[in-house]
Amino acid sequence: MWSASPAPHKQLHAFWIWLFGIPWTAFSLYFQVLVLMSAFETVQSAPSGGDRGVGIFFSLLLIPFVAAGFFMLWAPFETLRKTRRTIFGLTNRRVLSVTAGTKLESTSVMLQQMGPIDVQVGSKGYGNVRIQTGTGLDSDGDLTINRFELLGVPDVARLKGLLLGQMCPAR
């Protein structure tokens, strides 16, 4: 009935993590270099291996911080890559999202499972659709709402009309 690809330019919000990721990575690399330089200076100035061992130990402790920084810088590009390889679809039985990459990812929700629909329409008709599919309890016993999300949908108003038409067919 309907299919579309999400708009990659509507996923640029993923780059907000760079506001945190760039300073995080810079400081992590800076401290990593400081620790390594102090460890190697200690090797040249004093024959004691204990100071060098402490420097190498702290350098190893900083590796996860540097890795987390690089991950924050890489994550928005992965989001854009996945967006370019995603297709949304609506059939007479379900709404689905298919992403082709190194592995094929497919998620769908049957029309009978659909609860309330939240549609946000932005500029030029692009928007987001969030479909409530159920509720549950988290580990604290708090209520959680399960949602099926389609983000960056072109002509989202048309999809909303088709969804409502499928959920409540004319009698």
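The values are calculated or read from the model by the stated rules, or taken from the named source; none is laboratory data. As the structure is a computational prediction, the values presented were derived from the model and not from experiment. In this analysis, Cβ positions are derived from the backbone assuming ideal geometry, glycine residues included, and neighbour counts consider all displayed protein chains.
Key figures
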quantity	calculated
Among residues of region 94-117, those that are touching a Lys or Arg at 6+ places or on another chain (Cβ under 7 Å), within 24 Å of Leu80 (Cβ to Cβ) and in a strand (DSSP E or B), counted	2
Cross-chain or 6+ apart pairs with Cβ under 6 Å, region 47-61 first and closer than 18 Å to Phe27 by Cα and assigned by TED's automatic domain parsing to the domain that holds Met37, then at pLDDT below 85 and of a type outside the set (A, V, I, L, M)	Gly55/Ser38
Pair list, Cβ < 7 Å and 6+ apart or interchain, from region 69-81 residues that are assigned by TED's automatic domain parsing to the domain that holds Phe27 to residues that are among the aliphatic types (A, V, I, L, M)	Met72/Ile17; Ala75/Ala14; Ala75/Ile17; Pro76/Ala14; Pro76/Ile17; Thr79/Ala14
Any pair with Cβ under 7 angstrom, 6 or more apart, that starts in region 3-32 at a residue that is farther than 30 Å from Gly161 by Cα and ends at one that is among the hydroxyl-bearing types (Ser, Thr, Tyr) and modelled with pLDDT under 90	Gln32/Ser59
